[in-house]
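Since the structure comes first, as structure tokens, the remarks are kept for the end.
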Amino acid sequence: MSVASPFGTIGPYFPSEFSNGTNDLTNKGAARGRKITLTGTVVEEGGKPTFNTIIEVWQADSNGIFRHPLDERASEADPNFQGWGRDRTDEHGRYAFHTVVPGALEGRQPHINVMILAIGLTRRLVSTIFFANATDPVLDCVPPESRERLVARQTGDGEYEFNIILRGENETPFFED
Amino acid sequence: MLDYVPYDDKTQMDRQIQRYPKSFTRVPSRPLIKRPLTLSERTGPANLQERFQAQTADLSRTSARAVGQLISVSGRITDEDGRPMSGCVLELWQANSAGKYIHEIDRHKAPLDPNFSGQARLVTNKEGEYLFNTIKPGAYPVLESGWWWRPPHIHFSIFGMSWMDRYITQVFFPGEPLNETDLLLNAIRDPEARDRAIFKYTGAEMGDESLMKYQLDFVLRGKNKTPELP
């Protein structure tokens with residue numbers, strides 16, 4: 001058996017071409033389901049915004065289907081929905097995704113997988129964004145007092161906010177990877 | 001079903017590195033939480049070839065040949081059981097031969113090369129192999145550190161089969177003096193593991209385009225798939 005290769009930091013110079021135009025998962029609104037904008041800031045210790053942080057998301061479409069061979073319903077996946085997206089934080093640490101509310105899938109609450117890549121991180125950080133603090137096999141692993149940290153806050157019609165605190169008070173819970 | 005065991009820290013870079021300040025203000029202070037892997041984590045962006053229009057790439061020329069040492073880089077991507085991973089999208093980025101990136105925050109006073117973009121997307125073939133030509137990247141200073149020079153390296157971002165094997169790294173060149181002092185390379189403590197982040201030099205070719213050849217195989221997470229019945 002082989003050993004997994006060493007992960008490395010993304011560093012400061014990830015080409016901007018690779019993160020331009022990748023934060024819309026809806027094919028300019030053509031995707032089925034409830035369209036939302038998910039925004040937030042990524043901060044480090046002391047609440048300091050991080051600039052140039054790369055965020056990637058992976059989620060099911062509005063019917064809870066993944067366009068992936070492991071999903072038995074993959075052939076019914078919304079052709080206009082991209083399950084994957086990427087954005088880069090601006091100088092205020094802000095990111096934004098245009099997506100849909102993911103459908104629930106068997107045994108799971110609606111959720112969005114998220115990963116963070118940044119200077120200073122030699123490995124990616126992975127977490128999960130939920131829409132409600134409800135029973136879920138992944139959210140249940142988080143200490144009860146921290147679960148709200150993984151719930152996106154509705155800030156308007158079709159607008160959700162999910163702030164990420166890499167380190168410090170009210171730190172975002174991250175999962176083993 | 002493929003099994004994804006957590007990375008073994010012994011084969012990876014330290015998460016916090018002395019004299020690398022951002023690793024102390026950004027790495028979470030709380031322990032990472034164990035969780036079960038469901039369909040959501042076991043699937044992932046495995047079909048980005050078309051969207052990215054990824055293909056075999058030659059970074060060494062646009063309209064004219066870029067300045068620097070012409071090299072070829074190749075290798076194979078497998079999972080932990082040695083199965084080749086075909087159709088993986090690779091994103092590559094690197095400095096030019098003067099150690100300069102095309103990036104708004106690169107303050108190093110070195111020239112850009114109009115014939116070198118330093119970035120490409122490609123896809124592994126049926127055998128999980130990748131191959132591209134490029135210019136050997138130059139070393140460059142991390143200006144805010146006051147001392148740290150990065151040895152030549154090429155960045156790789158690889159999309160495997162699932163969210164669990166999404167992989168980012170940087171790969172170094174053998175025999176570079178700056179390898180000895182690089183904070184990141186030496187944050188892999190185990191020498192054997194460190195070697196797996198350094199290209200192998202596999203010879204030089206002479207011909208229409210004479211070049212030096214480098215090679216590195218990657219192992220993405222994923223093992224113990226139940227054998228399929230005939």
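The values are calculated or read from the model by the stated rules, or taken from the named source; none is laboratory data. Quick caveat: nothing in here was measured; it's all calculated off a predicted structure. Counting neighbours? That spans all protein chains shown, and the Cβs are built from the backbone with ideal geometry, glycine included.
Worth a mention:
- Qualifying position, being at the interface with chain B (Cβ under 10 Å from one of its Cβ atoms), touching a residue at least 12 places away in the same chain (Cβ under 8 Å) and not acidic (D, E), among A:F130, A:F97, A:F174, A:F162: A:F174
- If you go through region A:16-27 and pick out every residue that is crowded, with 20+ Cβ neighbours inside 10 Å and either at the interface with chain B (Cβ under 7 Å from one of its Cβ atoms) or among the basic types (K, R) (or both), you end up with 0.
- Just one residue in the set B:T202, B:T169 is under 16 Å from the mean Cα position of the chain (by Cα) and assigned to a strand (DSSP E or B); that residue is B:T169.
- Considering B:L112, B:L143, the condition of being at pLDDT 95 or above, surrounded by fewer than 16 Cβ atoms within 10 Å (Cβ to Cβ), within 12 Å of another protein chain (Cβ to nearest Cβ) and farther than 30 Å from A:I112 by Cα is satisfied by B:L143 alone.
- Selection count, region B:79-102, where residues are touching a Gly at 6+ places or on another chain (Cβ under 9 Å), at the interface with chain A (Cβ under 9 Å from one of its Cβ atoms) and either assigned to a loop (DSSP other than H, G, I, E, B) or surrounded by fewer than 18 Cβ atoms within 10 Å (Cβ to Cβ) (or both): 6
- Failed condition for A:L166, given (1) at pLDDT 95 or above; (2) among the hydrophobic types (A, V, I, L, M, F, W, C); (3) farther than 25 Å from B:R51 by Cβ; (4) surrounded by fewer than 22 Cβ atoms within 10 Å (Cβ to Cβ): (4)
- The residues listed here are B:G207, B:G175; of these, the one that is more than 10 Å from every other protein chain (Cβ to nearest Cβ), at pLDDT 95 or above and outside any helix (DSSP H, G or I) is B:G175.
- B:K200 surrounded by 12 or more Cβ atoms within 10 Å (Cβ to Cβ), modelled with pLDDT of 95 or more, of a type in the set (K, R) and out of contact with any Pro (no Cβ under 6 Å at 6 or more places or on another chain): yes
- Sole exception among (1) free of Cβ contacts under 8 Å to residues at least 40 places away in the same chain; (2) touching a Lys or Arg at 6+ places or on another chain (Cβ under 9 Å); (3) over 27 Å from B:D217 (Cβ atoms) for B:D9, by number: (3)
- Among the residues making up region B:212-230, those that are surrounded by fewer than 20 Cβ atoms within 10 Å (Cβ to Cβ) and modelled with pLDDT of 95 or more are B:M212, B:K213, B:Q215, B:D217.
- Residue in region A:146-164 that is closer than 25 Å to A:D71 by Cα and either in contact with a Lys or Arg (Cβ under 7 Å, 6 or more places away or on another chain) or among the polar types (S, T, N, Q) (or both) present: no
- Of the residues in region B:39-53, not one is surrounded by 18 or more Cβ atoms within 10 Å (Cβ to Cβ), more than 7 Å from chain A (Cβ to nearest Cβ) and more than 27 Å from A:P12 (Cα to Cα).
- Complete set of residues in region B:23-34 that are surrounded by 18 or more Cβ atoms within 10 Å (Cβ to Cβ) and either out of contact with any Leu (no Cβ under 8 Å at 6 or more places or on another chain) or aliphatic (A, V, I, L, M) (or both): B:V27
Rundown of residues vs (1) within 12 Å of chain B (Cβ to nearest Cβ); (2) over 23 Å from B:S23 (Cβ atoms); (3) outside any loop (DSSP other than H, G, I, E, B); (4) β-branched (V, I, T), yes/no style:
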position: A:A4; (1), (2), (3), (4): yes, no, no, no
position: A:G11; (1), (2), (3), (4): yes, no, no, no
position: A:G29; (1), (2), (3), (4): no, yes, no, no
position: A:G46; (1), (2), (3), (4): yes, no, yes, no
position: A:N52; (1), (2), (3), (4): yes, no, no, no
position: A:V57; (1), (2), (3), (4): yes, yes, yes, yes
